Each structure stands twice: as C-alpha cells, then as structure tokens.
1. For an R0 of 25 angstrom, estimate the FRET efficiency from the Cβ-Cβ distance between E237 and D28 and round to the nearest 0.05.
2. Defining a contact as two alpha carbons under 8 Å apart and six or more residues distant in sequence, what relative contact order in percent does the chain show?
3. Which lysines have a Cα less than 25 Å from the Cα of K170, not counting those fewer than 8 places away in the same chain?
4. Can you work out the Karplus-derived ³J(HN,Hα) for every residue in segment 186-196? Use 6.51 cos²θ - 1.76 cosθ + 1.60 with θ = phi - 60°, whole Hz, and x for glycine or proline.
5. I need the trypsin sites (Lys or Arg not before Pro) found in segment 153-249, filtered to DSSP loop residues with at most 15 other beta carbons within 10 Å of theirs.
6. Of T257, T126, T117, how do they rank once you tally other Cβ atoms within 10 Å and put the fewest first?
7. Mind checking the dipole of the chain: about its Cα centre, +1 per Lys or Arg Cβ, -1 per Asp or Glu Cβ, Debye to the nearest 20?
8. What is the gain in length, in nm to one decimal, between D225 and A162 on full extension, counting 0.36 nm per residue of separation less the C-alpha to C-alpha distance?
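Just so you know, all these numbers are worked out from the coordinates, no wet-lab data involved. Everything numeric in this text was worked out from a predicted model, so none of it was measured. As a convention, Cβ positions derive from the backbone with ideal geometry for all residues, glycine included, and neighbour counts pool all protein chains shown.
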Amino acid sequence: MDRAEAFLWVNARLLDRLRFAFHFRDGDPATVIDALRPYGNADGGFGHALEPDLRGPESQPVPVELALFIMDDVGTLDPGLVDGILSYLESITRPDGGVPWVLPTTSPRGPWWTPVTGLPGSLNPTASIAGLLLKNGVGHPWVERATGFCWTALDNLNAVGAYDVRTIVKFLKHVPDRSRAEATWAALSESVRSVIDLDPAADGDVHGPLDFAPHPDSLARSLFDVDVIDRHLDALEAKQKADGGWDFTFESWTPITRPEWRGWVTLESLLTLRSNGRL
C-alpha cells in the first residue's frame, strides 16, 4: 500500500490521486467531483482525455460513462452534471435508442477508436451508462429508451466481445426487471465464458475473471469457483511493479497515456484487493 500510494502521488492524474484519497485517506468526495468538472463541456458531455485514449476536447459517449462511474464511485451524483449528461445523451441518441460507441472527430485518438458506419447505437457504452443511472435511481425518458434498446440488443446478440461484457454486466446488475435480467444472464453465460482467460499468467490484451467480477457481489462472480478467484487475486498482488504501481496489457499508442492509465489501473487494483479481503 505504501509503495502504491507513492506511485500514485508521483505519476497519476489529480483526479485519480483524489479518488485514492477518498477511498483510503478519508478524502472529501466533493474534491473528486471538483476535479471531474474541467473534463466537462458546455453541451453536458465529457471529453478532454477523461478517457486517456481520446485526447481531444470534444464530448464522446465513453467519457460520459467514465464521468458517471467516477461520481458513483464516490457516492455523489452531482445533479447539475447529471442534468447536463442527460441533455447531451438526448442530443446524440440514435433512432434505435442507443448511443454510438464513438463519434467522428479529427482530434488525436487511439487507432482503435474508429466510428462504425452509420453510427448505430451500441451496447458499449449504452448499457453501462443506463446501468449506472438505474443504479442511482435516475428517472428520465432517456433511461427508459436506453433500457429498451439494451433489452432489444441483448435479445438479438449473436456474438459478444470482452468489452461488451463489461458493459452488459453493469446493465443486468441494476435493471429493475430482475427476472428478465437473470434469464438473460443465464442465456449469455456460455458466451461470456468464451471471452475470459482463466490463466492468471496470460500475457497480452487478455481479460481474466477479475476484469468482469472484481468484487464479491459482482454479477459475474457466480461464473468462477473460489479457487479460481483466489489464484487471480494472488496473481494481481504479484503484478505490482517495483515502482509501486500496476501496469496494463492493452496498447499504449502515445507516451502520456501510460502514466494516466497506470494511475487508474493501480487504484482499481487496490480497490479489488481490498474488497476481496487482501488489504
């Protein structure tokens, strides 16, 4: 913990340093919200590299998801920011009720951030955004339309990717229709298993059990035996670097994204270890 804290103070963004202080040093959640505000735009959305691989100032759907995640993380959904987010979501929602994965932009971004032709609604990040708003009891016509979009998309899902699963579990965890959520999760479970790497030592852009079920109450935790989780927690502990931080395995396309993402990943690693009784 001491080495991780030193790493964060030296390397992480202010936002993630303040999140660490909230979780581990009795920090004020209001300071986290204040640090989040500058990433916002007049249209109610978020940009400015809140998602480190989207470097431009323009609002994008995934940074909105991250903004909601951060507010939920500290237990404070700022009403003004949420109102702005809902207004922004209304402005970019497609006829099918979902928001696109990414919008066209000329700003620098990771090479994998390529808009889909026609900009259809996408489960990633619509399901995450809807799930976070549902979790916090936000009632709004956009949430209702997005919920309908997610159900339709899940009912017609032919293939599922790892990043899609991360968003789907947030939606199914918090959507009010529990019987439908449980039935949908049961139907998807085998497809979900196919994108999970159970080898704790696997290298590269792989996704292990803790990526989908970091906490004991995670929806996907039921997919894994206790000994599987224990082996991956052992591996997570062992992956702390000499400098005190954790690293990530996906592509780093420009130098600044590595310390930014490492700060995020280090904090999430600490939170995962703590929620599983390892800290």
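1. Values: r = 29 Å, r/R0 = 1.18.
Efficiency for this residue pair is about 0.25.
2. Details: 383 pairs, mean separation 48.2, N = 279.
Computed value for the chain: 17 percent relative contact order.
3. Those lysines meeting the cut-off are K135.
4. 4, 5, 8, 4, 5, 5, 5, 4, 5, 9, 9
5. Numbers: sites: R166, K170, K173, R178, R180, R193, R221, R231, K239, K241; in loops: K239, K241.
Passing both the DSSP loop test and the Cβ count: K239, K241.
6. Numbers: T257 19, T126 29, T117 6.
Ordered from fewest to most neighbouring Cβ atoms within 10 Å, T257, T126, T117 come out as T117, T257, T126.
7. Numbers: 25 positive and 39 negative charges, 43 e Å.
In total the dipole reaches around 200 debye.
8. Details: separation 63, 0.36 × 63 = 22.68 nm, distance 1.98 nm.
This chain segment gains 20.7 nm when fully extended.
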